[in-house]
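A.B. asks: Handing you a structure now.
The values are calculated or read from the model by the stated rules, or taken from the named source; none is laboratory data. Model, not experiment: these values are computed from the prediction. Quick reminder, even Gly has a Cβ in these numbers, built from the backbone with ideal geometry, and neighbours come from all protein chains shown. Only protein heavy atoms, including side chains, enter the accessible area calculation; ligands, DNA and RNA are left aside. Shrake-Rupley method; radii C 1.70, N 1.55, O 1.52, S 1.80 Å.
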Amino acid sequence: MSLTPVSAQTPAEKTAFTILIMISVCHLLNDMMQTLLSAIYPLLQTSYGLSFSQIGAITLTFQGTASILQPLVGFYIDRNPRPYSLAVGMGLTLVGLVLFSQAGSYPVLLMAAALVGTGSSVFHPESSRVARMASGGRHGLAQSLFQVGGNAGSAIGPLLAALIVLRHGQTSVAWFSLAALLGIYLLIKVGHWYKGVGLMRLKARATAQEPRAPLPRGKVVLTLTVLLALMFSKFFYMASMASYFIFYLIDKFHLPVQSAQLHLFVFFGAVAGGTIAGGPLGDRFGRKVVIWASILGVLPFTLALPYANLFWTGVLSVPIGMILASAFPAIVVYAQELLPARVGTVAGLSFGFAFGMGGIGAAVLGHLADMTSLAYVYHVCSFLPVIGLLAIFLPDLETESRQRKPAADRSL
């Protein structure tokens, strides 16, 4: 007799699509508000006379705060579930937004960015954990549905910046506090589900003694190191697009700001498409295949981008966004399967490292742009996907698990 996962047997473990959709919508709202801030960098540069290094420091403050706190939050919630912490995190983002809209100096901008980063540090690891609770065993699909909300929000943010904030000024950022209030309302409802059904699922899985990592400790550490290197490649390149693609288009092709914002919207739209595909593809073909193809497969397009005219720059940004984005859902689920008893910690580490690399990348690339040029930055970044070759060292977790399963288990 073969063992069937509990999630495939019990009605309580059916995929909770309503919860997944609510979490995805809240992720959209959260990341829309975050991307909105980076999308109005040209406005801030003009208003405050900021250098590229100072712009990078804003991103570093926001993403650095989130990077440091997210693994700690994930570690804590694995041991102390807090169903309503998601609403609290969105509340911190709300305060940061309002402060950002009223900031009259550069230090206040940094303080507002830190508050938004703190809100993200609570939201991402806990909501990723809720997505896994609601997955019903379809972990890749659940992670993609959760993450695509964030990518959709990242795409909408620059568009709203072009249509609203650039027309009405910095104070109009406060209007988006309505989105934060909607997020708080939805997350309170998610908290109700989490407190009831979600905690029951956690207890059921603990009772069923979900299997430990199928690899020895040394191999787990090596595998995590490879995953972090791959994420470094992905998010350093994404930082170049999120923080400086607008400036690159303005500098190289003399586009007006609003036209450049629309190009960024197209790129983030492609990122959303890649994210929603990455999880289900990982469920179907295996996480390692998707990770390998997404990190290394984007290389021809990134190498071509610095030499492209305006038309082909817009065209190339689409496969770059789609292919790169397909990696992250697969990486998060792969890491959670590597450490199944540390789902929140893995999510916090994954999102924290992603935010950290985005923040450090923005600061380093901004300093490099000040010293050289944005064109040179994109020449350097075009080689980052070569790091994807390291994916060859990732083990096949399903094969390893079958090989290490005790003979007694295999005979059941």
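A.B. asks: Among ALA293, ALA341, ALA304, which is on the phi < 0 side of the Ramachandran plot and within 20 Å of the chain's Cα centre (by Cα)?
C.D. replies: ALA293
A.B. asks: Of the conditions (1) more than 18 Å from LEU43 (Cβ to Cβ); (2) at pLDDT 85 or above; (3) open to solvent by less than 50 Å² (accessible area, probe 1.4 Å), LEU109 fails just one. Which one is it?
C.D. replies: Going through (1) more than 18 Å from LEU43 (Cβ to Cβ); (2) at pLDDT 85 or above; (3) open to solvent by less than 50 Å² (accessible area, probe 1.4 Å) one by one, LEU109 breaks only (1).
A.B. asks: Sticking with this one: Can you tell me how many residues within region 275-290 are buried (at least 19 other Cβ atoms within 10 Å of the Cβ) and free of Cβ contacts under 8 Å to residues at least 60 places away in the same chain?
C.D. replies: Selection size over region 275-290: 1.
A.B. asks: Has region 39-57 got at least one residue that is at pLDDT 80 or above and within 17 Å of SER127 (Cα to Cα)?
C.D. replies: Checking region 39-57: not a single residue is at pLDDT 80 or above and within 17 Å of SER127 (Cα to Cα).
A.B. asks: Would you say LEU115 is open to solvent by 30 Å² or more (accessible area, probe 1.4 Å) and assigned to a helix (DSSP H, G or I)?
C.D. replies: yes
A.B. asks: Right, another one. Would you list the helices (runs of 4 or more DSSP H) that sit entirely within region 259-344 and hold 2 or more residues that are hydroxyl-bearing (Ser, Thr, Tyr)?
C.D. replies: Where helices (runs of 4 or more DSSP H) fall fully within region 259-344 and carry at least 2 residues being hydroxyl-bearing (Ser, Thr, Tyr), they are 310-325.
A.B. asks: VAL271 - would you say it is surrounded by fewer than 21 Cβ atoms within 10 Å (Cβ to Cβ), of a type in the set (Val, Ile, Thr) and closer than 26 Å to GLN63 by Cα?
C.D. replies: No: the conditions fail for VAL271.
A.B. asks: Looking at (1) within 12 Å of THR35 (Cβ to Cβ); (2) of a type outside the set (Asp, Glu); (3) at pLDDT 90 or above, can you tell me which one GLY150 breaks?
C.D. replies: Going through (1) within 12 Å of THR35 (Cβ to Cβ); (2) of a type outside the set (Asp, Glu); (3) at pLDDT 90 or above one by one, GLY150 breaks only (3).
A.B. asks: Any residue in region 75-99 that is open to solvent by less than 50 Å² (accessible area, probe 1.4 Å) sitting within a Cβ distance under 8 Å of a residue that is basic (Lys, Arg) and not in a helix (DSSP H, G or I)? List the pairs, counting only those 6 or more apart or interchain.
C.D. replies: Close Cβ pairs (under 8 Å, with a partner that is basic (Lys, Arg) and not in a helix (DSSP H, G or I)) amount to ASP78/ARG342.
A.B. asks: Looking at region 265-290, which of the residues that are closer than 18 Å to LEU394 by Cα and hydrophobic (A, V, I, L, M, F, W, C) is farthest from the chain's Cα centre (by Cα)?
C.D. replies: Per the criteria, the residue is PHE285.
A.B. asks: Still on this structure, I have one more. Does region 11-31 include one or more residues that are under 16 Å from SER172 (Cα atoms) and outside any helix (DSSP H, G or I)?
C.D. replies: No: region 11-31 contains no residue that is under 16 Å from SER172 (Cα atoms) and outside any helix (DSSP H, G or I).
A.B. asks: Take the residues in region 63-74 that are within 29 Å of ALA174 (Cβ to Cβ) and small (Gly, Ala, Ser); name whichever of them is surrounded by the most Cβ atoms within 10 Å (Cβ to Cβ).
C.D. replies: Across region 63-74, the extreme among qualifying residues is ALA66.
A.B. asks: Could you tell me which numbered condition SER135 fails, if it satisfies all but one of (1) open to solvent by less than 30 Å² (accessible area, probe 1.4 Å); (2) at pLDDT 85 or above?
C.D. replies: Failed condition: (2).
A.B. asks: Still on this structure, I have one more. Take the conditions buried (at least 24 other Cβ atoms within 10 Å of the Cβ), under 13 Å from the mean Cα position of the chain (by Cα), polar (S, T, N, Q) and closer than 30 Å to SER47 by Cβ and apply them to SER127. Does it pass?
C.D. replies: No: the conditions fail for SER127.
A.B. asks: Within region 142-189, count every residue that is surrounded by fewer than 24 Cβ atoms within 10 Å (Cβ to Cβ) and more than 20 Å from LEU97 (Cβ to Cβ).
C.D. replies: Going through region 142-189 one residue at a time, the tally reaches 1.
A.B. asks: I would also like to ask the following. Under 7 Å between Cβ atoms, at least 6 apart or on separate chains: pull out the pairs that start in region 334-349 with a residue that is in contact (Cβ under 8 Å) with a residue 40 or more places away in the chain and closer than 24 Å to TRP292 by Cβ and end on any residue that is surrounded by fewer than 22 Cβ atoms within 10 Å (Cβ to Cβ) and of a type in the set (Ser, Thr, Tyr).
C.D. replies: As it stands, the answer is LEU338/THR223, since those pairs meet every condition given.
A.B. asks: Mind telling me which of the residues PHE328, PHE351 ends up being open to solvent by less than 50 Å² (accessible area, probe 1.4 Å), modelled with pLDDT under 75 and of a type in the set (A, V, I, L, M, F, W, C)?
C.D. replies: Of the residues listed, the single one that is open to solvent by less than 50 Å² (accessible area, probe 1.4 Å), modelled with pLDDT under 75 and of a type in the set (A, V, I, L, M, F, W, C) is PHE351.
A.B. asks: Give the residues of region 221-236 that are in contact (Cβ under 8 Å) with a residue 60 or more places away in the chain and either among the aliphatic types (A, V, I, L, M) or surrounded by fewer than 16 Cβ atoms within 10 Å (Cβ to Cβ) (or both), sorted by residue number.
C.D. replies: Listed by number, the residues that qualify are LEU222, LEU224, VAL226, LEU227, LEU228, ALA229, LEU230, MET231.
A.B. asks: Tell me yes or no: at least one residue of region 67-78 is more than 28 Å from PRO280 (Cα to Cα) and modelled with pLDDT of 85 or more.
C.D. replies: Scanning region 67-78, I find no residue that is more than 28 Å from PRO280 (Cα to Cα) and modelled with pLDDT of 85 or more, so the answer is no.
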